[in-house]
1. Only one of Arg319, Arg333 is assigned to a strand (DSSP E or B), without any contact (Cβ under 8 Å) to a residue 40 or more places away in the chain and out of contact with any Pro (no Cβ under 7 Å at 6 or more places or on another chain). Can you tell me which?
2. Check whether at least one residue in the range 261-281 is touching a strand residue (DSSP E or B) at 6+ places or on another chain (Cβ under 8 Å) and more than 30 Å from Arg71 (Cβ to Cβ), and report yes or no.
3. Residues to consider are Glu62, Glu43; find the one that is part of a loop (DSSP other than H, G, I, E, B), out of contact with any strand residue (DSSP E or B) (no Cβ under 6 Å at 6 or more places or on another chain) and either more than 21 Å from Ala316 (Cα to Cα) or of a type in the set (Lys, Arg) (or both).
4. Can you find even one residue in the range 132-141 that is in contact with a Lys or Arg (Cβ under 7 Å, 6 or more places away or on another chain), over 23 Å from Ile75 (Cβ atoms), of a type in the set (S, T, N, Q) and touching a residue at least 24 places away in the same chain (Cβ under 8 Å)?
5. If I filter the range 74-94 down to residues being closer than 25 Å to Ala317 by Cβ and assigned to a strand (DSSP E or B), which single residue comes out as nearest to the chain's Cα centre (by Cα)?
6. Of all residues being in a loop (DSSP other than H, G, I, E, B) and not charged (D, E, K, R) in the range 336-352, which is modelled with the highest pLDDT? Just the residue, please.
7. Being outside any helix (DSSP H, G or I), more than 26 Å from Arg50 (Cα to Cα) and either among the small types (Gly, Ala, Ser) or modelled with pLDDT of 95 or more (or both) narrows it down to one residue among Leu164, Leu154, Leu105, Leu150; which is it?
Amino acid sequence: MKYKRPESVLVVVYTSAGEVLLLRRADVPDFWQSVTGSLRPGESPSAAARRELAEETGLSAEGLVDCHRRRHFPIQPGWRARYADDVTHNTEHEFRLALTARVPLELNAREHLEAAWLPRADAVERAASWTNRAAIRALATDPADTAVVLVHGLWIGPHSMRPLARRLRRAGFRTYIFRYRSTRVSPARAAVALAQFIERIDARCVHLVAHSLGGIVLAHLLDTWRPGRIGRAVLLGSPMRGSRGARGLEQWRLGWTLGAAREQGLLGGVPDWARDVPVAVIAGTRPCGPGRIAGRLPWPHDGTVALRETRVAGAAARRTLRVTHFGLVLSRRVAESVVTFLHDGRAPWMPHERDGEEPA
């Protein structure tokens, strides 16, 4: 038996006159909902939203907006049999589609019996699920109110993230660079300060981008602190499985240069990545850097971190580019990949990727 993936999309369709489209399910009496459906294996939320729009209404996805909002909720007992035995909760990604006026619909009779265009207040009353009601109420908010927090790596400090931050601002994101003493405080302690830093940012959604050790700080952050407004994350050359280069420095009795970064960090012990926070991993394969000498890194690597050390279980996307470890924050191609993933969760490079063959 093929079980459903416990991840879905919800697309609220509405008109400029304030009318909201609701559909009545065919399998549950008087159950009204927006366009919704589960993600297929390997499918991104944005791709699923486009597919469900076409399948359930015949509408074009032109103008579809990712609200960068996810809701985690228990699966109703009557629908639990559709999922694996150990699955109890579903994660729903919220989208919206604005139309200038009502348009003809092509309903799938196997899924929905009828459609209704309702004033927003009436739609809130009729929608069956609490997540659907919350999404309709949220139509008054701006889905573009999005910020990106950048977290630097070991030794080089916050200035290293400025080139990438400039490119993200050109793409329409507000950016904030988090500063911490990478050798004075452990990744876990830095994560506590990062949580406080994010709390002070006035934005509806906050994406996270980290270079090298900064990715380990993010893993600690999400292991203990998970506000609903955290969006997506991108890790740039982060040794999430520990660093062979760092272990080499330890053997050479130079581990003191790493300081507190060794604690549940570069020497191992990094928490598993939070499965409900979509993450893209971008790694370099140009072998030029200090790790090549300190740790005899296995090929391929970026001169500091080996490709195998950057892998994250359940990552939504992965890309390798012919750049060095420090070049990851300078490369235009890296910045373009970050922007693409943060905007709508897509990774258009995935079907064509071959490790180490793409230029910077």
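The values are calculated or read from the model by the stated rules, or taken from the named source; none is laboratory data. What you see is a predicted model; the values in this text were computed from it and never measured. Here Cβ is always computed from backbone atoms with ideal geometry, including for glycine, and neighbour counts include all displayed protein chains.
1. Of the residues listed, the single one that is assigned to a strand (DSSP E or B), without any contact (Cβ under 8 Å) to a residue 40 or more places away in the chain and out of contact with any Pro (no Cβ under 7 Å at 6 or more places or on another chain) is Arg319.
2. Quick first cut of the range 261-281, residues touching a strand residue (DSSP E or B) at 6+ places or on another chain (Cβ under 8 Å) only: 273, 276-281.
Those still in the list that are more than 30 Å from Arg71 (Cβ to Cβ) too: none.
Checking the range 261-281: not a single residue is touching a strand residue (DSSP E or B) at 6+ places or on another chain (Cβ under 8 Å) and more than 30 Å from Arg71 (Cβ to Cβ).
3. Numbers: Glu43 fails: either more than 21 Å from Ala316 (Cα to Cα) or of a type in the set (Lys, Arg) (or both).
Going through Glu62, Glu43 in turn, just one is part of a loop (DSSP other than H, G, I, E, B), out of contact with any strand residue (DSSP E or B) (no Cβ under 6 Å at 6 or more places or on another chain) and either more than 21 Å from Ala316 (Cα to Cα) or of a type in the set (Lys, Arg) (or both): Glu62.
4. Looking through the range 132-141, at least one residue is in contact with a Lys or Arg (Cβ under 7 Å, 6 or more places away or on another chain), over 23 Å from Ile75 (Cβ atoms), of a type in the set (S, T, N, Q) and touching a residue at least 24 places away in the same chain (Cβ under 8 Å).
5. As a first pass, look at the range 74-94 and keep what is closer than 25 Å to Ala317 by Cβ: 83-84, 87, 89-94.
Now restrict to residues that are assigned to a strand (DSSP E or B): 89-94.
Numbers: His89: 18, Asn90: 16, Thr91: 13, Glu92: 13, His93: 11, Glu94: 13 Å.
This residue is His93.
6. Here the answer is Gly345.
7. Working: Leu164 fails: outside any helix (DSSP H, G or I); Leu154 fails: either among the small types (Gly, Ala, Ser) or modelled with pLDDT of 95 or more (or both); Leu105 fails: more than 26 Å from Arg50 (Cα to Cα).
Only one candidate passes the filter, namely Leu150.
Conditions (1) modelled with pLDDT of 90 or more; (2) among the acidic types (Asp, Glu); (3) on the phi > 0 side of the Ramachandran plot; (4) surrounded by 16 or more Cβ atoms within 10 Å (Cβ to Cβ), marked per residue:
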position: Glu94; (1), (2), (3), (4): yes, yes, no, yes
position: Glu114; (1), (2), (3), (4): yes, yes, no, no
position: Asp122; (1), (2), (3), (4): yes, yes, no, no
position: Thr131; (1), (2), (3), (4): yes, no, no, yes
position: Thr141; (1), (2), (3), (4): no, no, no, no
position: Thr146; (1), (2), (3), (4): no, no, no, yes
